[in-house]
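Data first, discussion second: the structure below is written as structure tokens.
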Amino acid sequence: MLTLEKLERARSLGPVVVDIEGTTLSAHEIKRLQHPLTGAVILFTRNYSTPEELTALTGAIHAVRPGILITVDHEGGRVQRFREGFTEIPPMGDFLRLGSRAPGLLAQAGFILASELRAVGVDFSFTPVLDIDYGRSKVIGNRSLGRTPEEVERNARGLISGLRSGGMGSCGKHFPGHGWAEADSHVALPADERPREKVLSDLDVYRGLASELSSLMTAHVAYEGFDGETATFSPTLLKEILRDEIGFTGLVFSDDLSMKGAGSSESVADRARRALSAGCDMVLHCNHPDEVDEILRDLDWERPERFSERLAGLLPDSGTPLGLEALRSTERWKEALRQLRAAGLL
């Protein structure tokens, strides 16, 4: 729910998502968090040892920069950054065998995922994956929620409702779709050679969920049907189609600009500037702290008219959430776990 308090918090934040090296903050990382262009932090497995230490870390981050958005890639399956001490959520593809029962069980999984993260001070997870499983992309594979746009939309709606009930927004990825392109954008620039009409048919997922998604993340994929443009840098895809045609009003994240799929022939600040100019609201740049410092030093940015409102939609409600021990004593959490176990998912 959008509130004046969330808007005020968002107005103090910028468009750059940064990461940190370990389980505590260094003096330089504190300065980086305090930079006016910094707006969010993304955590990785290297930032985790125990739930107690993670809670201390998120508390320290919020103390340094009150209101900053703390994020993580925590989808379940092979993309779950925190494991020991957390419920191991199965890959989203495991739910598909349950047919019409899948959306309800995904809602339970979404609740557990979100409420456990919120219990340790993490505000937001980059999920759900909305890429269609065409049996081609190994980097997507069983992360997908379905083999057709209709199946993905139906199952994603269940997961999103569960995330919401756990106190968390949602991030659909990877717009407009990474399911057809075979290469892994971490190490190469994947190409989707299909004609424009085929790519546009994948967007039925985003059309159906436009009013429910809090945000989305772009694909580092070059689409031949769109003159070979990479989605992260494509005003056609992000402004004309996503904003103007589909009417999406949430926040748009770039995928990690340090990935090979984002290119490397220009400065990192120019890369960030080009993504923001194309229609991204926030940019991620991970695992290269010296390059993040370059972005923060060299990026010229004026706050867009709706940036604060879009970011505020991702911020959690104020107040201290239940800790993990207290959360796991609630009937709501116990029932969600019971249903997943009864379905053979845990």
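The values are calculated or read from the model by the stated rules, or taken from the named source; none is laboratory data. Quick caveat: nothing in here was measured; it's all calculated off a predicted structure. Neighbour counts run over all protein chains shown; Cβ positions are idealised from the backbone, glycine included. Just so you know, the surface numbers come from the protein's heavy atoms only, side chains and all, with ligands and any DNA or RNA stripped out. Shrake-Rupley method; radii C 1.70, N 1.55, O 1.52, S 1.80 Å.
Structure notes:
- Pairs of Cα atoms nearer than 8 Å and 6+ residues apart set the relative contact order; for the chain it is 18 percent.
- Ranked by solvent-accessible area (1.4 Å probe, protein heavy atoms only, all chains present), the residues Tyr48, Tyr134 order from largest to smallest as Tyr134, Tyr48.
- For segment 78-120, the gyration tensor built on C-alpha atoms gives an oblate shape. Its axis ratio a/c (a ≥ b ≥ c) is at least 1.5, and a/b is not larger than b/c.
- 222 nm mean residue ellipticity, helices alone, for the chain (DSSP H n ≥ 4; -39,500 (n - 2.57); rounded to 500): -10000 deg cm²/dmol
- Ligands, DNA and RNA are left out, and with a 1.4 angstrom probe the accessible area of segment 1-158 is 37 Å² per residue.
- The portion of the accessible surface of the chain made up by carbon and sulfur, rounded to a whole percent, is 50 (1.4 Å probe; DNA, RNA and ligands excluded).
- Of the trypsin sites (Lys or Arg not before Pro) in segment 21-79, those whose Cβ has at most 11 other Cβ within 10 Å and which sit in DSSP loop: Arg78
- Of all DSSP-defined beta bridges confined to the chain, some 15% are antiparallel rather than parallel.
- Placing +1 on the Cβ of every Lys and Arg and -1 on the Cβ of every Asp and Glu, with no other charges, gives segment 142-222 a dipole of roughly 240 debye about its Cα centre.
- Each of Pro321, Pro36, Ala56 was placed along the dipole of the chain (beta-carbon charges, centred on the mean Cα), and the one lying farthest toward the positive end is Pro321.
- Accessible-area ranking of Ser100, Ser49, largest first, probe 1.4 Å: Ser100, Ser49
- Taking the Cα centre of segment 105-252 as reference, the dipole from Cβ charges on Lys and Arg (+1) and Asp and Glu (-1) amounts to some 460 debye.
- Computed over segment 235-330: relative contact order in percent, which uses C-alpha pairs under 8 Å that are six or more apart: 29 percent
- This model, with +1 at the C-beta of Lys and Arg and -1 at the C-beta of Asp and Glu, gives segment 4-343 a dipole about its Cα centre of some 940 debye.
- Accessible area per residue for segment 175-259, computed on protein heavy atoms with a 1.4 Å probe, is 35 Å².
- Cα gyration tensor shape of segment 125-239, rounded if a/c is under 1.5, else prolate or oblate by comparing a/b with b/c: prolate
- Computing mean projected area of the Cα convex hull in nm² directly from the structure and comparing it against (1) 18.8; (2) 16.4; (3) 15.6 singles out (3).
- Exceeding the 31 Å Cα-Cα cut-off - candidates Lys31/Lys239; Lys138/Lys239; Lys6/Lys31; Lys173/Lys334; Lys6/Lys198; Lys198/Lys334: Lys31/Lys239; Lys6/Lys198; Lys198/Lys334
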